[in-house]
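Here is the structure we will look at.
The values are calculated or read from the model by the stated rules, or taken from the named source; none is laboratory data. Note that the coordinates shown come from a computational prediction; the quantities given were computed from them, not determined experimentally. So basically every Cβ, Gly included, is an ideal-geometry build from the backbone, and we count neighbours across all protein chains shown.
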């Protein structure tokens, strides 16, 4: 059987026709309606137009979306950058238009589900998926299942405070210190290149050529990331942490993360007193940019008793 899987992001709505084995049979993307110019109705029309291309052949719609989502009912308490979905039951709204079963799950949690199902967290009882995107999202696998939390907000790592003295500023939270803009910001500081002229591709091209200024910025970025990974390891004692998001494809990122985790573990005074806290095992997501799609499909199949 085939399913329409939709990954709604702040910039693009990615979609794919997939079978029950998570094979992608066809895929595409369209621009996400700007929340400052468009409405919920505009957004629904785009989703419906995607469905119309494949509706005769698919048995349901599986969605991944930002925000705090009750994935059991499809209700979106918040929509992240998709502000027009806040306070809406997106599963019911889309089901009413398309006349097929619809499920929706938070995008970071979809990454965790994908990696647990067929990726780098497969056969891992306790693990963490981190997604380095506009901010820092992710999901927790505890005792072999996705942990959602009392209010469906477990894994919203962006909200974690990292600097007490900046608790009233964006820079005091993990979403700002390790979101996509942060690496560009640190690189801009070191190189003098305006931040708006930098993106992940250009930054890693320069780093790959051995630009010491960019490598210094990458070290600053990954050192902050390593500290929070270490904190999560001390708190949850997981078997593995997997990193996703666009820049996770760059081997140099993982190399620097591992180096900074190793340095932290070797020099942490408390860890020397209690060496039983293990060094975090860090990998990259198996599915990379397709993790959201695969995880959304898993949630659909699992919730319908098809797995």
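Observations
- The stretch 35-56 - residue that is loosely packed, with under 12 Cβ neighbours inside 10 Å and free of Cβ contacts under 8 Å to residues at least 24 places away in the same chain and, of those, nearest to the chain's Cα centre (by Cα): 36
- Odd one out for residue 230 among (1) within 22 Å of residue 163 (Cα to Cα); (2) surrounded by 14 or more Cβ atoms within 10 Å (Cβ to Cβ); (3) free of Cβ contacts under 8 Å to residues at least 12 places away in the same chain: (3)
- Spans of helices (runs of 4 or more DSSP H) in the stretch 185-267 with at least 2 residues more than 28 Å from residue 11 (Cβ to Cβ) and in contact with a strand residue (DSSP E or B) (Cβ under 9 Å, 6 or more places away or on another chain): 212-236, 251-267
- Per-region count, the stretch 6-31, residues at pLDDT 95 or above and not in a strand (DSSP E or B): 4
- There is at least one residue in the stretch 209-219 that is assigned by TED's automatic domain parsing to the domain that holds residue 129, within 30 Å of residue 127 (Cα to Cα), without any contact (Cβ under 8 Å) to a residue 60 or more places away in the chain and surrounded by 19 or more Cβ atoms within 10 Å (Cβ to Cβ).
- Evaluation of residue 181 against (1) outside any helix (DSSP H, G or I); (2) in the same structural domain as residue 238 (by TED's automatic domain parsing); (3) under 23 Å from residue 11 (Cα atoms); (4) at pLDDT below 95 (one fails), failing number: (1)
- Subset of the stretch 161-176 that is within 16 Å of the chain's Cα centre (by Cα) and modelled with pLDDT under 95 - its residue that is nearest to residue 136 (Cα to Cα): 175
- For the stretch 143-156, the condition of being part of a strand (DSSP E or B) and surrounded by fewer than 18 Cβ atoms within 10 Å (Cβ to Cβ) holds for at least one residue.
- Residue-level analysis places residue 175 outside the set of residues that are closer than 23 Å to residue 248 by Cα, in the same structural domain as residue 229 (by TED's automatic domain parsing) and either in a loop (DSSP other than H, G, I, E, B) or touching a residue at least 60 places away in the same chain (Cβ under 8 Å) (or both).
- Residue count for the stretch 74-103 satisfying the condition of being buried (at least 22 other Cβ atoms within 10 Å of the Cβ) and touching a residue at least 60 places away in the same chain (Cβ under 8 Å): 3.
- All conditions in (1) in a strand (DSSP E or B); (2) out of contact with any helix residue (DSSP H, G or I) (no Cβ under 6 Å at 6 or more places or on another chain); (3) surrounded by 21 or more Cβ atoms within 10 Å (Cβ to Cβ) hold for residue 139, with the sole exception of (2).
- Conditions (1) in a loop (DSSP other than H, G, I, E, B); (2) in contact with a helix residue (DSSP H, G or I) (Cβ under 9 Å, 6 or more places away or on another chain); number of the one not met by residue 113: (1)
- Selection within the stretch 117-136 - touching a helix residue (DSSP H, G or I) at 6+ places or on another chain (Cβ under 8 Å), at pLDDT 95 or above and not in a strand (DSSP E or B): 117, 118, 119, 121, 122, 124, 126
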